[in-house]
1. Under a Cβ-Cβ cut-off of 11 Å, what is the net charge of the residues other than GLY188 that fall near it, where Lys and Arg count +1 and Asp and Glu count -1?
2. For the range 81-154, place one equal point scatterer on every Cα, skip the solvent, and apply the Debye formula. What is log10 of I(q)/I(0) at q = 0.16, 0.17, 0.18 Å⁻¹?
3. Counting only Cα, what are the radius of gyration and maximum Cα-Cα distance Dmax of the range 131-231, in Å?
4. Taking the mean number of other Cβ atoms within 10 Å as a proxy for protection, how do you rank 209-216, 115-122, 49-56 from highest to lowest?
5. Per residue Cα convex hull volume for the chain, in cubic angstrom?
Amino acid sequence: MQKFCTGGDCLNILQKLYDICFPLPTVCPVCMKRQPRLQVCDSCRAEALRKRSLMGQCHRCHSFGVFSEQCRSCRDWPDYLAGNVAVWPHQDGWQQAILDFKFRNMPWLSEALAAELAPVLPKEYDLLVPVPLHPKRFQERGYNQSELLAKALSEQMGIPWQNSLSRIRHTPHQTGMNREERLKNLDGAFAMHPKATVTGKRVILVDDVFTTGTTIQQCARVLYQHGAVEIMGATLASGQGRF
Ligand SMILES: [Zn+2]
Ligand SMILES: [Zn+2]
């Protein structure tokens, strides 16, 4: 009897053909030096670690340039927002890698970037939730970089992920805005997705960069109001803190 190709088989074969025709570059996304596979190289990882100890990081929000328990960026955070984890300073090759991932149509960087964050995130959380994009921006970009990161982290950490939040207001880009302007810009921008539930859950909120903490604060507030018991931010990089 003739054996027909099932839908799943065909998709797998097509994916393999695509991978052969368009292989991913085997480089380090930070320094672009050739590697055995697409991954951050040992030297860039060691340099990020060196920067973390040299520049200092706020213990709670991981802003760089701070040697204290709490800085002005996170001093007024509510108790349910436990903290934020960031592994890179938002500068040089690390910043470039995130710009490539986010704005230069390189969604395939997600797994290599998530691999830097997964080992240092707390394991006792229940759910990974990406910071959402407004549908208009999603259409422009074609993907949500935070969602791709959350998916990759989910696979690497064995914690489920869910698009629990929606962006209900289209807001201007925040580059160049100070903390107060950002707070005003994002006020009422996020809402719970009607089909999602976070009641009783400890949530890791995933974003690409931590700048002033306004995005994480606004998202965490919505999650808490809908029953999440604790929220921790997870970002690849963070900027300079406020003292
Ligand atoms: Zn490198
Ligand atoms: Zn802080």
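Laboratory data are not the source of any read-out in this text; all were calculated from the coordinates shown. Since we're looking at a predicted model, the values are computed, not measured. Every residue, glycine among them, receives a Cβ derived from its backbone with ideal geometry; neighbour counts consider all protein chains shown.
1. Neighbourhood net charge equals +3.
2. At q = 0.16, 0.17, 0.18 Å⁻¹ the computed log10 ratios are -0.63, -0.71, -0.79.
3. Using the Cα atoms of the range 131-231, the pair Rg, Dmax is 13.4, 37 Å.
4. The most tightly packed comes first, giving 209-216, 115-122, 49-56.
5. Spread over its residues, the Cα hull of the chain gives 157 Å³ apiece.
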